1. I need the strands (runs of 3 or more DSSP E) fully contained in segment 11-123, keeping only those with at least 2 residues that are open to solvent by less than 70 Å² (accessible area, probe 1.4 Å) and either more than 30 Å from I134 (Cβ to Cβ) or among the β-branched types (V, I, T) (or both).
2. Among the residues that make up segment 120-134, is at least one of them closer than 22 Å to E13 by Cα and of a type outside the set (D, E)?
3. Counting just the residues of segment 124-147 that are assigned to a helix (DSSP H, G or I) and of a type in the set (G, A, S), which one comes out most open to solvent (accessible area, probe 1.4 Å)?
Amino acid sequence: MSSEIHVAVPGSEILRFDKTVRVGRADTNGVVLNDDVVSSEHLELRKGGEGWEILDLGSTNGTFIDGVRVTRASLGARTAVRLGPGGPTVHLTIPGLSARDATRVLGALDIADRYLADETPEGMSPRTGLIRQIFQERREQETHSWVKRTLWRSSNRDIDKGNVRGMTVGLISSSLTCRSPINTSLTSV
């Protein structure tokens, strides 16, 4: 377990703590954030036997990790925490955690943006590039297929409404043997 946590606050230097610390608007907190969406005692960074964890202290506007509201969560090597919707983001780093613990858990929207957004993400790996290319090709195929289906459905609606008389005459003439000539003026659309 790491004995220290680093807290990067907007407009401040990195603060280092080796024991439990509170974050909030009140001057009694170890980390003070003067923002209207931050509660007086918003959250606590607690050092426990298994590592560091974050605990929301019943804040009015909530604590968010990767866009998901949390009341309690274990912390990884690097975690970005937003205090309230639109509030300040605090970046937490636990230097003692190994690289395998540093994998960031992404929310569904982050993943969708990475693969489906029009803009190419920064630091994109070759694998992500390949996946993006496959998604883009598939999206083009689906769009083309959708257009074809839409046109097909609209033409079938016309047939159902009797707007395409040639189809009806053609079906009748091919299934019946007529001795008299068919009126060709009906077969034109």
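1. In segment 11-123, 14-17, 21-24, 43-48, 51-56, 63-65, 78-83, 89-93 are the strands (runs of 3 or more DSSP E) which contain 2 or more residues that are open to solvent by less than 70 Å² (accessible area, probe 1.4 Å) and either more than 30 Å from I134 (Cβ to Cβ) or among the β-branched types (V, I, T) (or both).
2. Checking segment 120-134: not a single residue is closer than 22 Å to E13 by Cα and of a type outside the set (D, E).
3. Within segment 124-147, the match that is most open to solvent (accessible area, probe 1.4 Å) is S145.
The values are calculated or read from the model by the stated rules, or taken from the named source; none is laboratory data. Note that the structure is a prediction, hence the values are computed from the model and not measured. Don't worry about glycine lacking a Cβ; one is built from the backbone with ideal geometry, like all the others, and counts go over all protein chains shown. The accessibility values were calculated without ligands, DNA or RNA, using every heavy atom of the protein model including side chains. Shrake-Rupley method; radii C 1.70, N 1.55, O 1.52, S 1.80 Å.
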